[in-house]
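Worksheet: the structure to be examined is printed underneath.
The values are calculated or read from the model by the stated rules, or taken from the named source; none is laboratory data. Remember, predicted model here, so these are calculated numbers, not experimental data. Neighbour counts run over all protein chains shown; Cβ positions are idealised from the backbone, glycine included.
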Amino acid sequence: MDLRQIKYFLTVAEENNITRAAEKLHLSQPPLSRALMDLEEELGCTLMIRGKRHITLTPEGMALKRRGEQLLMLSDITKSEITEMKNGMSGTLYLGHVDSNGPNLAAEWIESFKKDYPAVTYNLWCGTVDDLTDRMRSGLLDLAITMSPLNSELLDGIPLFEESWTAIIPSSNPLAKSRKKTIAIEELVDNDLIISSRRSREEEIRGWFSDTDKEPRFIVKTAHSSNAAKLVARGIGIAIFPGSVIKNIPESTEVVFKKIIPEVTVGYYLSWDKERTPNNLTARFIDHVKQLI
């Protein structure tokens, strides 16, 4: 199995049709079909069910699609690293970030880094801390802006700053009518709540309500504050997210922000895989960020 076969397979999976895939790859259909059959023979399984008008991936085909996409991305990363070693500070930095304040930090850092290293390009990816950790461990990201708690067994990182948790409340909710800029945990417990989809975050937030003797109702879990804001604006529930999400939500959105008390803070980190030595570009970017904080 080689990268050419994987590219052929992924193109067929994307186009959902062998004829269209052959056109996109500038091949005739017979050699493409032959390459796919050779791949199935090598793997010892059927990767796709061939219909008259479209193909359907088997479970094995779906698994190869997922891994194949990662392999091609790793190939691109490797080419960038070799190019960087040959030509100096260039190549692509693969930077991940959480939603909340991640986009703002990434934009600020890239803006200033670009002034010194204009030949560098960037590939950004947004997700939960769990998603980011998995991608760093798989070599698909060089760095990521993550949030506490930092998994120190898997990641190294430098602390950036801390901020408070905030409740995003529908304007129509009675809790939004109060002039107070804060809201107590006890006031939230009887409401439908929208929280982050990070695996460890639910238990952390659940612990805040332990003194209320009531079980909080988590009705939606999402990685993105923009999704949470849309849900809140429709009155579906109250979202609990870090305070910096305010920057990502348009002023016209029908929501009210209130700081949660007793105050609980969350920390931000620039993180990388503990078992991988950062390449020259990544190390230079880390040093750049250290100078900014």
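Being surrounded by fewer than 16 Cβ atoms within 10 Å (Cβ to Cβ) and either among the small types (Gly, Ala, Ser) or under 32 Å from the mean Cα position of the chain (by Cα) (or both) is the requirement here; does Thr19 meet it? No: the conditions fail for Thr19.
Rundown of residues vs (1) in a helix (DSSP H, G or I); (2) among the polar types (S, T, N, Q); (3) over 18 Å from the mean Cα position of the chain (by Cα); (4) under 29 Å from Arg66 (Cβ atoms), yes/no style:
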site	(1), (2), (3), (4)
Phe113	yes, no, yes, no
Tyr122	no, no, no, yes
Leu132	yes, no, no, yes
Arg135	yes, no, no, yes
Ile158	no, no, yes, no
Ile169	no, no, yes, no
Ile195	no, no, no, yes
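The number of residues in segment 1-32 that are assigned to a loop (DSSP other than H, G, I, E, B), over 24 Å from Asp76 (Cα atoms) and among the hydrophobic types (A, V, I, L, M, F, W, C) comes to 0. Within segment 22-51, being more than 34 Å from the chain's Cα centre (by Cα) and within 15 Å of Lys65 (Cα to Cα) holds for no residue.
Within segment 208-233, the residues that satisfy the criterion of being within 25 Å of the chain's Cα centre (by Cα) and not in a strand (DSSP E or B) are Ala223, His224, Ser225, Ser226, Asn227, Ala228, Ala229, Lys230, Leu231, Val232, Ala233.
Thr265 satisfies every condition listed in (1) surrounded by fewer than 15 Cβ atoms within 10 Å (Cβ to Cβ); (2) under 20 Å from the mean Cα position of the chain (by Cα); (3) hydroxyl-bearing (Ser, Thr, Tyr) except (2). Of Ile55, Ile82, Ile77, all but one fail to be assigned by TED's automatic domain parsing to the domain that holds Leu36, aliphatic (A, V, I, L, M) and at pLDDT below 90; the exception is Ile55.
Restricting segment 96-107 to residues that are in contact (Cβ under 8 Å) with a residue 60 or more places away in the chain and surrounded by fewer than 23 Cβ atoms within 10 Å (Cβ to Cβ), the residue that is farthest from Ile293 (Cα to Cα) is Pro103.
Only residues that are under 25 Å from Ser148 (Cα atoms), part of a loop (DSSP other than H, G, I, E, B) and of a type in the set (D, E, K, R) were counted in segment 234-251, giving 0. Scanning segment 186-201 for residues that are more than 22 Å from Arg234 (Cα to Cα) and crowded, with 16+ Cβ neighbours inside 10 Å yields Arg198, Arg201. Within segment 76-91, none of the residues are farther than 30 Å from Phe285 by Cβ and part of a loop (DSSP other than H, G, I, E, B). Mind checking which residues of segment 58-74 are out of contact with any strand residue (DSSP E or B) (no Cβ under 7 Å at 6 or more places or on another chain) and either more than 27 Å from Tyr94 (Cβ to Cβ) or at pLDDT 85 or above (or both)? Answer for segment 58-74, where residues must be out of contact with any strand residue (DSSP E or B) (no Cβ under 7 Å at 6 or more places or on another chain) and either more than 27 Å from Tyr94 (Cβ to Cβ) or at pLDDT 85 or above (or both): Pro59, Glu60, Met62, Ala63, Leu64, Arg66, Arg67, Gly68, Glu69, Gln70, Leu71, Leu72.
Residue by residue, here is whether (1) closer than 15 Å to Asp99 by Cβ; (2) out of contact with any helix residue (DSSP H, G or I) (no Cβ under 8 Å at 6 or more places or on another chain); (3) modelled with pLDDT of 90 or more; (4) not assigned by TED's automatic domain parsing to the domain that holds Thr133 holds:
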{"residue": "Ile195", "(1), (2), (3), (4)": "yes, no, yes, yes"}
{"residue": "Trp208", "(1), (2), (3), (4)": "no, no, yes, yes"}
{"residue": "Lys221", "(1), (2), (3), (4)": "yes, no, yes, yes"}
{"residue": "Val232", "(1), (2), (3), (4)": "yes, yes, yes, yes"}
{"residue": "Gly235", "(1), (2), (3), (4)": "no, yes, yes, yes"}
{"residue": "Ile238", "(1), (2), (3), (4)": "no, no, yes, yes"}
{"residue": "Phe241", "(1), (2), (3), (4)": "yes, no, yes, yes"}
{"residue": "Ile246", "(1), (2), (3), (4)": "yes, yes, no, yes"}
{"residue": "Ile249", "(1), (2), (3), (4)": "yes, no, no, yes"}
